[in-house]
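Report on the structure given below.
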Amino acid sequence: MDKLVSHNPLMDTRRGLLKKVGLSALMASAFSGSSVMAQGLNFAESGNLSDDQLFSEVRNQLMLHEDLIYLNTGTLGPAPKLIHDKITALMTRLEANPAIENFGPMGEEMELTRGKAAKFIGADEDEIILTRNTTEGISLVCSGIEWKEGDEILTTNHEHGGAETGLNFLAATKGAVINKVTMPYPATSKQQLLDLVAANLTERTKLLLLSHVETVTGLRWPIKEVAELIAGRDILFIVDGAQAPGMLDINLHDLGCDVYACSGHKWIMGPKETGILYLKKDIQDQVSNVFLTGGYGTYSASSGTRNAPTIIGFGDVLDWHMAMGTKRIEARCMGLAKYCQEKLQEIEEIDVISSDDPELSSAIVSFSLPKAVRNGAVFRDMRDQGITIKRLPQYNAIRISNHMFTTNKDVDQMLSKLKEYLA
Ligand SMILES: Cc1ncc(COP(=O)(O)O)c(C=O)c1O
């Protein structure tokens, strides 16, 4: 039996890391609580640290190249080394006795992740399905709802192709009509957005899909107000949350949408191919999908075998966020983004296309380049010089993701390169 209960590699790794980065006595004491040491990534005592101490420790925990400036968490986030090491160790343990582990101790541990996900986004466990990513979550719903030909979907022209896959499927197979609102950039007020939705709803609108945080401009949609606006109408409100959890503090019961789908491998910085799908209790009977017939448990007859090490690692990374505090992480990200916005606003040649209204902005800041400077060239040059950014094809634009582990200095360095192209 002893061999099944494996030695916890996190304790050693954690000590190794502390030694390697040479943290002060303060840092060492901040991580010395027994649960912290046992779990490695549970920053239960992070309240003792200043923001700079905490978030530079987060940076130290990542496996990014040492000098890399990583400003594209919106595409894919870096996972902490301790998570990576834990998953690797679990994979090794799994291979030593696969069936016994997967349908025994490791399988049981994997099932705990659903409860953590529920807590993380302010939902109940029986409203949560662990998916592979946002795309899968939205597609599961769109391919499992009743639809009458000619019924309408309302969405915007700033949605991601992953979300549009489900909508396009409804159009191709069930005759859905997709209406796309043309988005302002930057958006200027909540009322402007609510008016846009209100003006485009019709008697036949049966589904509304919006992003919590838009992939193009980082616009933070007023989801709660939109949910209130459409309350009482027979409209399924799906929110694409790919860019929000891990950046923003989320409470889905408060937001009031019907469906919420997100990925674990972006701002949550979790293992790749992880995701959360939330189905509000009172709409669950509207979603009938073959993959959900075995129930919402992580492993079920209809899910088939899962990747237990990855899903356990996902649960750990959610614990890590919650121990640091999702509100604290949001405040940090917003502070970084504000600095980035302000610095970009000072550059005459570019147009910031993200809103600077605190209610509408997020940790994503995007800007358009002048016509003569192509974003593909800027992206490639920056990539070759150790700065990872995202190019946005629509507007010859660049997107900056200001996650908690980045710094003002990272933005300054990116800007000094940018100015070289603009000169
Ligand atoms: C708003 C939005 N939705 C969906 C996706 C797709 O995410 P995934 O590939 O993890 O399903 C992305 C990816 O960038 C996104 O930004």
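What about Phe379, is it surrounded by 17 or more Cβ atoms within 10 Å (Cβ to Cβ) and assigned to a loop (DSSP other than H, G, I, E, B)?
No, not satisfied.
Looking for whichever is open to solvent by less than 20 Å² (accessible area, probe 1.4 Å), under 23 Å from Tyr278 (Cβ atoms) and β-branched (Val, Ile, Thr) here; the options are Val197, Val216, Val181. Which one fits?
Val197
Kindly list the number of the only condition in (1) closer than 25 Å to Ile83 by Cβ; (2) outside any loop (DSSP other than H, G, I, E, B); (3) of a type in the set (S, T, N, Q) that fails for Thr215.
With respect to (1) closer than 25 Å to Ile83 by Cβ; (2) outside any loop (DSSP other than H, G, I, E, B); (3) of a type in the set (S, T, N, Q), Thr215 is out only on (2).
Given the structure, is Glu95 farther than 24 Å from Met269 by Cβ, away from the ligand (no atom under 16 Å from the Cβ), open to solvent by 10 Å² or more (accessible area, probe 1.4 Å) and assigned to a loop (DSSP other than H, G, I, E, B)?
No.
Out of Ala117, Ala123, which single residue is within 16 Å of the ligand (Cβ to nearest atom), modelled with pLDDT of 95 or more, buried (at least 21 other Cβ atoms within 10 Å of the Cβ) and among the hydrophobic types (A, V, I, L, M, F, W, C)?
None of the other options fit; the residue is Ala117.
Can Gly270 be described as within 16 Å of the ligand (Cβ to nearest atom), assigned to a loop (DSSP other than H, G, I, E, B) and among the small types (Gly, Ala, Ser)?
Taking the combined requirement at face value, the residue satisfies it.
Test each condition in (1) in a loop (DSSP other than H, G, I, E, B); (2) away from the ligand (no atom under 16 Å from the Cβ) for Met183 and report the one that comes out false.
Only one criterion in (1) in a loop (DSSP other than H, G, I, E, B); (2) away from the ligand (no atom under 16 Å from the Cβ) is unmet by Met183, namely (2).
Kindly indicate which of Glu342, Glu273 is open to solvent by 70 Å² or more (accessible area, probe 1.4 Å), under 24 Å from Ala163 (Cα atoms) and of a type outside the set (Phe, Trp, Tyr).
When all the criteria are applied, what remains is Glu273.
Would a scan of the stretch 63-75 turn up a residue that is surrounded by fewer than 19 Cβ atoms within 10 Å (Cβ to Cβ), within 16 Å of the ligand (Cβ to nearest atom) and not small (Gly, Ala, Ser)?
There is at least one residue in the stretch 63-75 that is surrounded by fewer than 19 Cβ atoms within 10 Å (Cβ to Cβ), within 16 Å of the ligand (Cβ to nearest atom) and not small (Gly, Ala, Ser).
If a residue has to be within 16 Å of the ligand (Cβ to nearest atom) and more than 12 Å from Leu236 (Cα to Cα) to count, how many in the stretch 139-154 make the cut?
So the count comes out to 3.
Which of (1) in a loop (DSSP other than H, G, I, E, B); (2) closer than 30 Å to Ser368 by Cα; (3) basic (Lys, Arg) is the odd one out, the single condition Lys224 does not satisfy?
(1)
Tell me which residues, restricted to the stretch 166-178, are open to solvent by less than 70 Å² (accessible area, probe 1.4 Å) and either within 14 Å of the ligand (Cβ to nearest atom) or of a type outside the set (D, E, K, R) (or both).
The answer is Gly166, Leu167, Leu170, Ala171, Gly175, Ala176, Val177, Ile178.
Of all residues being surrounded by fewer than 24 Cβ atoms within 10 Å (Cβ to Cβ) and more than 23 Å from Cys142 (Cβ to Cβ) in the stretch 233-252, which is nearest to the ligand (Cβ to nearest atom)? Just the residue, please.
Filtering first and then ranking leaves Leu248.
To keep it simple, each residue is scored yes or no on (1) touching a residue at least 60 places away in the same chain (Cβ under 8 Å); (2) acidic (Asp, Glu); (3) closer than 27 Å to Ile389 by Cβ.
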{"residue": "Tyr70", "(1), (2), (3)": "yes, no, yes"}
{"residue": "Asp85", "(1), (2), (3)": "yes, yes, no"}
{"residue": "Thr92", "(1), (2), (3)": "no, no, no"}
{"residue": "Ile138", "(1), (2), (3)": "yes, no, yes"}
{"residue": "Thr155", "(1), (2), (3)": "no, no, yes"}
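Answer yes or no as to whether His84 is in a loop (DSSP other than H, G, I, E, B), open to solvent by 10 Å² or more (accessible area, probe 1.4 Å) and modelled with pLDDT of 95 or more.
no
Just to be sure before I move on: is Lys371 surrounded by fewer than 21 Cβ atoms within 10 Å (Cβ to Cβ) and in a helix (DSSP H, G or I) in the structure I sent?
no
With the structure loaded, tell me whether Cys340 is under 16 Å from Ser416 (Cβ atoms) and in contact (Cβ under 8 Å) with a residue 40 or more places away in the chain or whether it fails that test.
yes
Just name the residue that is farthest from Phe367 (Cα to Cα) out of those in the stretch 253-264 that are of a type in the set (A, V, I, L, M) and open to solvent by less than 20 Å² (accessible area, probe 1.4 Å).
Val259
What do you reckon, is Gly137 at pLDDT 95 or above, in a helix (DSSP H, G or I), open to solvent by less than 40 Å² (accessible area, probe 1.4 Å) and not hydrophobic (A, V, I, L, M, F, W, C)?
When the stated conditions are applied, Gly137 passes them.
Take the residues of the stretch 382-402 that are in contact (Cβ under 8 Å) with a residue 60 or more places away in the chain and part of a helix (DSSP H, G or I): which is most open to solvent (accessible area, probe 1.4 Å)?
This residue is Gln394.
Which of (1) farther than 30 Å from Asn402 by Cβ; (2) in contact with a helix residue (DSSP H, G or I) (Cβ under 9 Å, 6 or more places away or on another chain); (3) of a type in the set (A, V, I, L, M, F, W, C) does Ala123 not meet, given it meets every other one?
(1)
Here's the yes/no breakdown for (1) of a type in the set (Phe, Trp, Tyr); (2) modelled with pLDDT of 95 or more; (3) under 30 Å from Arg399 (Cβ atoms); (4) open to solvent by 30 Å² or more (accessible area, probe 1.4 Å):
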| residue | (1), (2), (3), (4) |
| --- | --- |
| Trp267 | yes, yes, yes, no |
| Asp285 | no, yes, no, yes |
| Asn289 | no, yes, no, no |
| Ala301 | no, yes, no, yes |
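The values are calculated or read from the model by the stated rules, or taken from the named source; none is laboratory data. Remember, predicted model here, so these are calculated numbers, not experimental data. Glycine gets a Cβ as well: all are built from the backbone with ideal geometry, and neighbour counts include every protein chain shown. Heavy atoms of the whole protein, side chains included, go into the accessibility calculation; ligands, DNA and RNA do not. Shrake-Rupley method; radii C 1.70, N 1.55, O 1.52, S 1.80 Å.
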